[in-house]
Amino acid sequence: MSILGNAVLRREDPRFLTGEATYVGDVPLEGATHLVHVLSPIAHARIESIDTSEAAAAPGVLGVFTFDDLDLTHAAPLLPGLPEAMVRPYLAEGVVRFVGEPVVAIVAETVAQAEDAAEMVIVDYDPLPALVDPELAEASELVLFPDAGSNVVTRAERGEADLSGSEVVVEARFVNQRMAGAPIEPRVGAATWDGDRLVHWSSCQGAHPTRDALAKAYGLETDRVRVIVPDVGGGFGSKARAYPEEVMLGWYSRQLGRPVRWSETRSQNMTGLGHGRGQVQHVAVGGSRDGRIDGYRLRVVQDSGAYPMMGAFLPNMTMRMASGTYDIDHVAFESVAVCTNTTPVTAFRGAGRPEAAAAIERAIDLFAAEIGMDPVEVRRRNLLAPFDEPHRTPMGTKYDTGNYPAALDAAVEAAGYDELRATQARRRAEGDPKLMGIGVACYVEITAGAGGGEHGTAELLDDGRVRVVTGATPFGQGHDTTWAMIVAERLGVAMDAVEVVHGDTDLVPSGGITGGSRSAQIAGTAISEASRKLADAARRVAADVLEAAEDDVVLDADRGAFHVVGTPSVSASWADVAAARADEDDDDPLMGISEFAAAQGSFPFGAHIAVVEVDRETGHVELVRLVACDDAGTILNPVLAAGQIHGGIASGVGQALYEEIRFDDDGNPLTANFADYGVISAAELPSFERVVLETPTWLNELGAKGIGESGTIGATPAVQNAVVDALSHLGVRHLDLPCTPERVWRAIQAAED
C-alpha cells in the first residue's frame, strides 16, 4: 500500500511538544563562557574613542575586544558581484552604520557578568547624517562607503515595454515594506577547539554552508571545521547564512582557550537579524479596454541596509517572476539596490518572489478598476494557457508546468465569488458601516531556484532498519517524517524502522541550504534514488538467501520482502538480508548513495481569494475568509503540505495587515520588540479554506515542487486587494502595506473630505 500522498502525522513533534528537543542553547559545553556585545545605539557615527578599562577589570570578565584587537577583521563578500568597499567588519571599524551593529565584544564567565561589563564600556560617537529612505539613497551626496563612490550596490535591467500605443495605461508606486523573520529561537551559536579543529554549533539553515563560511573566514580546510546543527527554532531565510557575530565565536574561543556561547535577546534579534522585503516599486501596465494587457514595466528600488547581504540580490528574483502567471508580450524590468543606515536585508520567506506577485497583482487590480472590469475577468483574459512543457517568459524564466486558469477557477468556485459580489453590492446599497472587500490574487513562484544538488544515503543496518543520511537541514518543515515516508514507500519498511541523520558535517558528506522550498524536490529525490539503489544492492544478498539468480529476484515494496519472480510465497525480508549480510566477510556497508541535482527550479502556482470587513469608523480590518488553491505538484504528505501553506498564509496576512519594520528619520528602530512589531498570531486569523490541485513536475521522479513560500506569496496581494476593494466605492485607489487601522482610517477620511 502506498504511503506517499497519505496524511501521516509528524513523527518529530512529540519531542518538540514534550521539551525533549535539543537546541544549541541546550548543548552541554564544559567550561563554556558567554559572549555579549556592546551595540551601537546610533545609526551613523564616527567612533572617536572606546574606553574598555573598567569593563576589562569587572568580575568574571575574561576578554574585551574591539576591532583593533582582531586579526580576523572583515567578512568576505557574501556573493560575487558585491562591492569590496562595502564588506562588513566583524566589529565596527571606525564608523557605525546601523543601530545594533556590534562595537565591542565581551566574554565572561556568565551572561550576567558580561552584560554588566558591557554597561561599563564608554564609546564616544560623533554623529553623522543618516540615510534611511532607499529612494533618496540612490542619488544622495552622502555616501555611506566613500571608497565605493556611491550607495548603489547592484543594478539590473532586462526587457522592453513601450506603452505609448496602449489604449489604457495605469502607473503607480507601491511600498513592499520591511519584515522581520522573527523566529521563535533567535540567533544562537557556540564554538570550541578540538586541538587545531574548530567545532561549532549553529542554529542555521545549512550545516555545510556554515562550515564552508567558517573555513573560509579562518583560512582552514573544510575537514578542520565541524558544524553541528541540532533542532532549530525557525529560520524563514534569515538564518540561511552565518552572521559576523557567530563567525567570530571560534576566534574568541581560540584567544581564551575555552568554549564560547552566544545568544541574542529578542530586541537584539529584531535589530540584528537580517530583515526581509524592503522594496519600493514603480509599476506601469498598459492594455486595451476589453481587458487585454499588452505591456508591463516594473522598476524596483531595493533597500539593502547598512551592509549588502542577500537583499542586494532580491531584485533578481523579482525580475525572474515579474510577469507572474500572465501572457504579456512586452515586459520591462529595472532595479537598483542601495545601502542605507538600517539593519541589513536578507532573504525572508519567498525572497523576491512575493514582491513580484504583490507588484503585478496590485497592478492588475488597478488596471481592472481603470477599465471598469471585474478583476477576476481581467485575470482570466490574460492568464497563460495550461502547459506541461517548458514555457519561457519575456524575462527569460523557464516555467516547468502550470495550469493557472484551473487554479483561479477552483478558488473562485470554492469561494462562491459571484455570491460574494452580490452580497457586497447589497451591503453597500444598505449603507452597512462594515465595508466588505473581496481580493483576488494569482501567483507563480520559483522554488529551488538557486539550483545545486543534495546528498542522500540509504544504508541497511544490522537489525534490518534503514539509516538515511541527508544534507538537508530541517527547521520546522517535518523532514524526518517526509524522508521516512519516502524510504518506507520505496523499500517497504516501517516508518519507525527508518533513522534520519542530518545536521552534522562529520556524519553527512555534503549539503546545501534548506531554503527556497528546495528540500522535497531535491533532497527528497536524492533519498528516493538512494533507496532504490539500496534495493538494487540488496537484491544480490536476497538472491543468496533465496538460492536464486539475482536477475530473478524482485522487491515487493508492499510487503517489504524480496522474492523470486512468480513465487511470492517464499521471500526474504529486510531483516533476513541484514542477517545474511552480517554473516558475509565484507566490511563495506550495504547502501545506496545519490547526489541529485535538478535541471532547473520548479514553479508552484495558485490563486487566493480573501474576504475582509473594514470598520468605517476605526479603519480596523478583519480577515473573514481566505480561500487558497496552492499547486505544488505531487503532494507527498497532505498534513505537512497543509502546515506549510497555513504558516505561509499567516506570514502573508501578517505582511498585508500588521507587520512592518520602521525607522525614524535618524535611523532609530521603532519596532524592536513584539510590543511594537505586530507579529501575527492565530487570534487574527480565520480558518483557511484550501482547494487541492496537483500538477506534477517532470523535473524529478517524485513530481514534487516546493510549497514553503506558496501561502505567503498568494495571501499578501489577495488581502491587500480586498482592503482596497472594500474602500473602492469611496474613491480609494491604493493603500500601501501594511493596511493598518490608522492607514485605512486616514484613507477613508481623505476620501470623504
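The values are calculated or read from the model by the stated rules, or taken from the named source; none is laboratory data. The structure displayed is predicted, hence computed values, not measured ones. Because the Cβ atoms are built from the backbone with ideal geometry, glycine has one as well, and the counts that use them run over all protein chains shown. Ligands, DNA and RNA are stripped out before the accessible areas are found, and what is left, the full protein with its side chains, is counted by its heavy atoms. Shrake-Rupley method; radii C 1.70, N 1.55, O 1.52, S 1.80 Å.
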Options GLY464, GLY431: the member that is open to solvent by less than 20 Å² (accessible area, probe 1.4 Å) and more than 25 Å from GLU709 (Cβ to Cβ): GLY464
Test result for ALA322, open to solvent by less than 10 Å² (accessible area, probe 1.4 Å) and in a loop (DSSP other than H, G, I, E, B): yes
Test set (1) assigned to a strand (DSSP E or B); (2) touching a residue at least 40 places away in the same chain (Cβ under 8 Å); (3) farther than 30 Å from GLY703 by Cβ - GLU622 fails condition number: (2)
Residue that is nearest to VAL8 (Cα to Cα) [pool: residues in segment 495-518 that are crowded, with 16+ Cβ neighbours inside 10 Å, among the hydrophobic types (A, V, I, L, M, F, W, C) and out of contact with any Lys or Arg (no Cβ under 6 Å at 6 or more places or on another chain)]: MET495
Any hit, segment 114-127, residues being open to solvent by 40 Å² or more (accessible area, probe 1.4 Å) and part of a loop (DSSP other than H, G, I, E, B): no
From ARG299, ARG289, residue being modelled with pLDDT of 95 or more, open to solvent by 10 Å² or more (accessible area, probe 1.4 Å), among the basic types (Lys, Arg) and not in a strand (DSSP E or B): ARG289
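Okay, residues lined up against (1) open to solvent by less than 30 Å² (accessible area, probe 1.4 Å); (2) more than 29 Å from ARG241 (Cα to Cα):
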position	(1), (2)
ARG15	no, no
GLU30	no, no
LEU35	yes, no
ARG46	no, no
THR52	no, yes
ALA55	yes, yes
PRO80	no, no
Residue within segment 447-461 that is touching a strand residue (DSSP E or B) at 6+ places or on another chain (Cβ under 8 Å), crowded, with 23+ Cβ neighbours inside 10 Å and β-branched (Val, Ile, Thr) present: yes
Near pairs, Cβ below 8 angstrom, 6+ apart or cross-chain, from segment 359-380 (closer than 14 Å to TYR326 by Cα) to any residue that is of a type in the set (Lys, Arg): ILE364/ARG379
Strands (runs of 3 or more DSSP E) fully within segment 158-227 counting 1 or more residues that are open to solvent by less than 10 Å² (accessible area, probe 1.4 Å), modelled with pLDDT of 95 or more and under 23 Å from LEU35 (Cα atoms): 188-194, 197-202
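Per-residue answers, yes or no, for (1) under 20 Å from GLN655 (Cβ atoms); (2) of a type in the set (D, E, K, R); (3) open to solvent by 30 Å² or more (accessible area, probe 1.4 Å); (4) more than 22 Å from the chain's Cα centre (by Cα):
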residue: PHE674; (1), (2), (3), (4): yes, no, yes, no
residue: SER681; (1), (2), (3), (4): yes, no, yes, no
residue: PHE688; (1), (2), (3), (4): yes, no, yes, no
residue: LYS705; (1), (2), (3), (4): no, yes, no, no
residue: GLY711; (1), (2), (3), (4): yes, no, no, no
residue: GLY714; (1), (2), (3), (4): yes, no, no, no
residue: ASP736; (1), (2), (3), (4): yes, yes, yes, yes
residue: ARG743; (1), (2), (3), (4): yes, yes, yes, yes
residue: GLN749; (1), (2), (3), (4): no, no, yes, yes
Contacts under 6 angstrom Cβ, first residue in segment 493-512 being small (Gly, Ala, Ser), partner part of a loop (DSSP other than H, G, I, E, B) and open to solvent by 20 Å² or more (accessible area, probe 1.4 Å), 6 or more apart: ALA497/ARG465; GLY512/GLY452
Residue under evaluation GLY471, criteria (1) under 30 Å from VAL612 (Cα atoms); (2) small (Gly, Ala, Ser); (3) within 20 Å of the chain's Cα centre (by Cα), criterion not met: (1)
Condition met for ASP585 (surrounded by fewer than 18 Cβ atoms within 10 Å (Cβ to Cβ) and within 47 Å of the chain's Cα centre (by Cα)): no
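This table checks each residue for (1) part of a loop (DSSP other than H, G, I, E, B); (2) open to solvent by 20 Å² or more (accessible area, probe 1.4 Å); (3) more than 29 Å from ARG178 (Cβ to Cβ).
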residue: ARG349; (1), (2), (3): yes, yes, no
residue: ALA414; (1), (2), (3): no, yes, yes
residue: ALA422; (1), (2), (3): no, yes, yes
residue: VAL440; (1), (2), (3): no, no, no
For PHE562: the one exception among (1) touching a residue at least 60 places away in the same chain (Cβ under 8 Å); (2) more than 30 Å from ALA357 (Cα to Cα); (3) not in a loop (DSSP other than H, G, I, E, B): (1)
Among (1) in contact (Cβ under 8 Å) with a residue 60 or more places away in the chain; (2) farther than 17 Å from GLY478 by Cβ; (3) in contact with a Lys or Arg (Cβ under 8 Å, 6 or more places away or on another chain) - the single one LEU670 does not satisfy: (1)
Those residues of segment 86-99 which are buried (at least 24 other Cβ atoms within 10 Å of the Cβ), more than 23 Å from GLU54 (Cβ to Cβ) and either in contact with a strand residue (DSSP E or B) (Cβ under 7 Å, 6 or more places away or on another chain) or not basic (Lys, Arg) (or both), in sequence order: PHE98, VAL99
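For (1) in contact with an Asp or Glu (Cβ under 9 Å, 6 or more places away or on another chain); (2) assigned to a loop (DSSP other than H, G, I, E, B), each residue gets a yes or a no:
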position	(1), (2)
ARG15	yes, no
GLY25	yes, no
PRO28	no, yes
GLY31	no, yes
ILE42	yes, yes
ILE47	yes, no
PRO59	yes, yes
Answer residue from segment 542-574, given it is within 46 Å of the chain's Cα centre (by Cα) and among the β-branched types (Val, Ile, Thr) and is least open to solvent (accessible area, probe 1.4 Å) among those: VAL553
Qualifying residue in segment 682-690 (condition: without any contact (Cβ under 8 Å) to a residue 12 or more places away in the chain, outside any helix (DSSP H, G or I) and within 25 Å of ASP409 (Cβ to Cβ)): yes
Yes/no for ARG381 being part of a helix (DSSP H, G or I) and either out of contact with any Cys (no Cβ under 6 Å at 6 or more places or on another chain) or open to solvent by 10 Å² or more (accessible area, probe 1.4 Å) (or both): yes
